[in-house]
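Below: one structure, written as structure tokens.
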Amino acid sequence: MALAALALYLLGLALAFGVRTLAAWRRTGDTGFRRPDTTAFTAPWWGSVLFAGALALGLAAPVAALFDPATAHPPRSMGVTGLALMLLGLVLVLVSQTAMGTSWRIGVDEEERTELVTRGIFALVRNPVFTGMGVLLAGQALVVPSAISVAALAVFVAAVQVQVRAIEEPYLVRTHGAAYRSYTTRTGRFVPLVGRQRPKDV
């Protein structure tokens, strides 16, 4: 089970970051990466540090499990469920990235204005890429139940909260104004119907 989890995790990294970046570059001449503010202890710095930590922990979890029989072989039903969740999460990430088209970015450039994508999967949740990554890491915690896999999920959740609430949402409000505010009132943040803004709050 641990080996299958590692293979899925590595496949996810390759497809969601490597292949996606290459596809964006070939299509637009732009990799989609935006360099964050590296000033220590700012929101972009915390977001970057936490994301890097979550990705590293996510990789470490199945690797460590390969050498720990206690976590390498969970109950079969739990392991199968976890692998299914990992696959579902990866598919959600890839579908969401595709739906973003040329608006796909990693990071924020304050001087840049991209299309506000609200169709398809984005009509259900505002941040489906992060939702998919969270589902993948939750699945991995079932496949290789350990302190490392749980830590990977917890650090990822913290990273997403910083990235979305402190960086991306303020940027989208500044960039798209009323259109984005209206979108937040009808669409959940990470889960359908959950995290919608009340009209008086936006």
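The values are calculated or read from the model by the stated rules, or taken from the named source; none is laboratory data. This structure is a prediction, so every number in the text was calculated from the model and none was measured. Counting neighbours? That spans all protein chains shown, and the Cβs are built from the backbone with ideal geometry, glycine included. Areas reflect the complete protein model, heavy atoms only, side chains present, ligands, DNA and RNA absent. Shrake-Rupley method; radii C 1.70, N 1.55, O 1.52, S 1.80 Å.
How many residues are surrounded by 15 or more Cβ atoms within 10 Å (Cβ to Cβ) and touching a residue at least 60 places away in the same chain (Cβ under 8 Å) if we restrict to the range 172-194?
Residues flagged as surrounded by 15 or more Cβ atoms within 10 Å (Cβ to Cβ) and touching a residue at least 60 places away in the same chain (Cβ under 8 Å) within the range 172-194 amount to 8.
Considering only the range 116-135, state which residues are in contact (Cβ under 8 Å) with a residue 60 or more places away in the chain and outside any helix (DSSP H, G or I).
Within the range 116-135, Leu116, Thr118, Leu124, Val125, Arg126, Asn127 qualify.
So, Ala61, is that one closer than 20 Å to Gly134 by Cβ and either out of contact with any Phe, Trp or Tyr (no Cβ under 6 Å at 6 or more places or on another chain) or acidic (Asp, Glu) (or both) or not?
On the way: closer than 20 Å to Gly134 by Cβ: yes; either out of contact with any Phe, Trp or Tyr (no Cβ under 6 Å at 6 or more places or on another chain) or acidic (Asp, Glu) (or both): yes.
Yes: the conditions hold for Ala61.
Out of the residues in the range 71-96 that are open to solvent by 80 Å² or more (accessible area, probe 1.4 Å) and touching a residue at least 60 places away in the same chain (Cβ under 8 Å), which is farthest from Leu13 (Cα to Cα)?
By that ranking, first place goes to His73.
Please go through the range 97-113 and pick out each residue that is of a type in the set (Ser, Thr, Tyr) and open to solvent by 30 Å² or more (accessible area, probe 1.4 Å).
From the range 97-113, those of a type in the set (Ser, Thr, Tyr) are 98, 102-103; that's our starting set.
Answer for the range 97-113, where residues must be of a type in the set (Ser, Thr, Tyr) and open to solvent by 30 Å² or more (accessible area, probe 1.4 Å): Thr98, Thr102.
Out of curiosity, is Thr39 free of Cβ contacts under 8 Å to residues at least 40 places away in the same chain, farther than 24 Å from Thr114 by Cα and open to solvent by less than 80 Å² (accessible area, probe 1.4 Å)? Quick ask: steps written out before the conclusion?
Working: free of Cβ contacts under 8 Å to residues at least 40 places away in the same chain: yes; farther than 24 Å from Thr114 by Cα: yes; open to solvent by less than 80 Å² (accessible area, probe 1.4 Å): yes.
Yes.
Every residue in the range 136-152 that is open to solvent by 40 Å² or more (accessible area, probe 1.4 Å) and free of Cβ contacts under 8 Å to residues at least 60 places away in the same chain, please.
Ala147, Val150, listed by residue number.
Consider Tyr171 against the criteria (1) at positive phi; (2) in contact with an Asp or Glu (Cβ under 7 Å, 6 or more places away or on another chain): it satisfies all of them except one. Which criterion is unmet?
(1)
So Glu168 passes all but one of these: (1) within 14 Å of the chain's Cα centre (by Cα); (2) at pLDDT 95 or above. Which condition number does it fail?
Every listed condition holds for Glu168 apart from (2).
Failed condition for Leu57, given (1) open to solvent by 50 Å² or more (accessible area, probe 1.4 Å); (2) closer than 27 Å to Gln140 by Cβ; (3) touching an Asp or Glu at 6+ places or on another chain (Cβ under 9 Å), with all others met?
Every listed condition holds for Leu57 apart from (3).
Check off (1) out of contact with any helix residue (DSSP H, G or I) (no Cβ under 8 Å at 6 or more places or on another chain); (2) without any contact (Cβ under 8 Å) to a residue 40 or more places away in the chain for Asp109 and give me the number that stays unchecked.
Just one mismatch for Asp109, condition (2).
Here is a list: Val49, Val129, Val91. Which entry is at pLDDT 85 or above, more than 18 Å from Val162 (Cβ to Cβ), under 18 Å from the mean Cα position of the chain (by Cα) and of a type in the set (Val, Ile, Thr)? Outline the logic, then answer.
Numbers: Val49 fails: more than 18 Å from Val162 (Cβ to Cβ); Val129 fails: more than 18 Å from Val162 (Cβ to Cβ).
Step by step, each of Val49, Val129, Val91 is checked, and only Val91 is at pLDDT 85 or above, more than 18 Å from Val162 (Cβ to Cβ), under 18 Å from the mean Cα position of the chain (by Cα) and of a type in the set (Val, Ile, Thr).
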